[in-house]
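The values are calculated or read from the model by the stated rules, or taken from the named source; none is laboratory data. Bear in mind the structure is a predicted one, so any value in this text is a computation, not a measurement. Using ideal geometry, Cβ is built from the backbone for each residue, glycine included, and neighbour counts are taken over all protein chains shown.
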Ligand code: ADP
């Protein structure tokens, strides 16, 4: 064997120490509704050291879990840096989960400390007595702590803890394969499952985010993660920003269109990531009231299929949306839809509405019935499987062999892969509509419907049908003041999709129900239909 390079660990602590020193003067902005708090990376670095010291004093040792129950703000970033760098494991709790899921997750991960935003005390207080392993609650900022009392936990003020801890911390050298952070899937079926990120996976994912085929982050950027830091690590943007020396603009709890527009105008981010529903709201707001979004050079969007109409709407105001695909299990970003440089017109759009091209370092394939690997010809439809250094190898204390196949993760997503590495999803395996033995893509139908000028949102689910086993039910949200009929919508769809795919069942609803991470909650729609709660109009 030839002797090779140093075995220097790929660790979050390395990213932190580099970022807070080399880019010590770069700022982290936290929005407060009518203004902002500002801290430099150098200050964040010192505060992370104090936080690590304080957590040590509270007894955090080894790979103990330190949970956060926080919005996107600078203190959350401090925890993102301090907890893994001290060797402990950061557990970002999704504050939008149902209380019993939250209790399940915190107990399953055996969280020892919870750091909570003052504004979220009422939410945490409801579940705190049931969090069996939690000993300490650390409150960030203002907030009445009375509701947290009586749960048998020790309460602390974040700023007091930091003030009482030394400004330097002896950061340990960690094994790059050791756990750095954990995040639970949102559990659309059954209990949520824990995905544990290693230092190495977080480091490599951050580097990938800095490449041009992903987000191309650099020290010229100001990054606005709208996607919550409790949802798949805000798509890895916080760590990648520290690595790139990009400024961070944190929205805290101001996620509605109007404050977001104000924040973008005031802080001029260059890159901003969020799910489609957030951007759709912002686009509507901008069209009605006007907003200057010109600072944005790139808007990564994903989490669910990005409607073409949304991308075109943003194109019209000079803002570029780029679709990305991934899941909690994939750290999360795995594909990004930058079209090939040579592509124009239709071809360019085909690439843009795909889920994107696989990033360097990962491998993907589609698998059909009987686990047969299908060709990457852009035609063969099957379940997508993926492997690579930032793809989970297992779920924490929850064996689920059905999710893995010869070292590949079965994603539960169904689609095609082109010879040039572009993934196009037609559905999630559980949302595919099987009509008379043929597949209908709910995503495709939704995309076409949402391109109608009077449709705000559209969700399509399969419902039982005597003749065809299953048929699509289209639930649509109509723009205020507009009037459309199922007949007109069918007319609009014909020519865009095959005739046999046209839905005959239509429901007009005020809003599509959403999951804790802002995706269409099709489970709820199916249940409402089954319970006869939806007023369904039938047109043949
Ligand atoms: P959960 O699986 O619990 O909803 P995740 O946030 O991990 O939580 O979701 C991952 C899933 O989101 C993917 O498997 C895929 O179905 C969907 N998804 C993510 N990005 C896209 C995209 N660009 N287009 C279509 N679906 C997407």
Taking the residues in region 485-503 that are at pLDDT 95 or above and in contact with a strand residue (DSSP E or B) (Cβ under 6 Å, 6 or more places away or on another chain) as candidates, determine which candidate is surrounded by the most Cβ atoms within 10 Å (Cβ to Cβ). 503
Considering residues of region 155-189 that are touching a strand residue (DSSP E or B) at 6+ places or on another chain (Cβ under 7 Å) and free of Cβ contacts under 8 Å to residues at least 60 places away in the same chain only, the residue farthest from residue 46 (Cα to Cα): 177
State whether the residues of region 230-243 include one that is within 14 Å of the chain's Cα centre (by Cα) and more than 16 Å from residue 300 (Cα to Cα). yes
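Out of 401, 375, 340, 389, which single residue is touching a helix residue (DSSP H, G or I) at 6+ places or on another chain (Cβ under 6 Å) and either under 26 Å from residue 238 (Cα atoms) or more than 15 Å from the ligand (Cβ to nearest atom) (or both)?
Details: 401 fails: touching a helix residue (DSSP H, G or I) at 6+ places or on another chain (Cβ under 6 Å); 375 fails: touching a helix residue (DSSP H, G or I) at 6+ places or on another chain (Cβ under 6 Å); 340 fails: touching a helix residue (DSSP H, G or I) at 6+ places or on another chain (Cβ under 6 Å).
Being touching a helix residue (DSSP H, G or I) at 6+ places or on another chain (Cβ under 6 Å) and either under 26 Å from residue 238 (Cα atoms) or more than 15 Å from the ligand (Cβ to nearest atom) (or both) holds for just one of 401, 375, 340, 389, which is 389.
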Residues being crowded, with 21+ Cβ neighbours inside 10 Å and over 27 Å from residue 11 (Cα atoms) - total across region 85-116: 2
For residue 134, state whether it is buried (at least 16 other Cβ atoms within 10 Å of the Cβ), touching a strand residue (DSSP E or B) at 6+ places or on another chain (Cβ under 6 Å) and closer than 20 Å to residue 75 by Cβ. yes
Among (1) part of a loop (DSSP other than H, G, I, E, B); (2) more than 15 Å from the ligand (Cβ to nearest atom); (3) over 25 Å from residue 339 (Cα atoms), residue 186 falls short only on (2)
For region 190-231, what are the residues that are touching a residue at least 24 places away in the same chain (Cβ under 8 Å) and part of a strand (DSSP E or B)? 194, 195, 196, 197, 222, 223, 224, 225
Residue that is modelled with the lowest pLDDT [pool: residues in region 9-55 that are assigned to a loop (DSSP other than H, G, I, E, B) and touching a helix residue (DSSP H, G or I) at 6+ places or on another chain (Cβ under 8 Å)]: 33
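For region 298-331, which positions are buried (at least 16 other Cβ atoms within 10 Å of the Cβ) and away from the ligand (no atom under 16 Å from the Cβ)?
Applying the first criterion (buried (at least 16 other Cβ atoms within 10 Å of the Cβ)) to region 298-331 yields 298-311, 313-314, 319, 321-331.
Within region 298-331, 313, 319 meet the criteria.
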Residue ID - nearest to residue 495 (Cα to Cα), chosen from residues in region 421-475 that are within 12 Å of the ligand (Cβ to nearest atom) and part of a loop (DSSP other than H, G, I, E, B): 441
First in region 114-139 and farther than 21 Å from residue 51 by Cβ, second anywhere and part of a loop (DSSP other than H, G, I, E, B) and modelled with pLDDT under 95, Cβ under 7 Å, 6 or more apart: 123/95
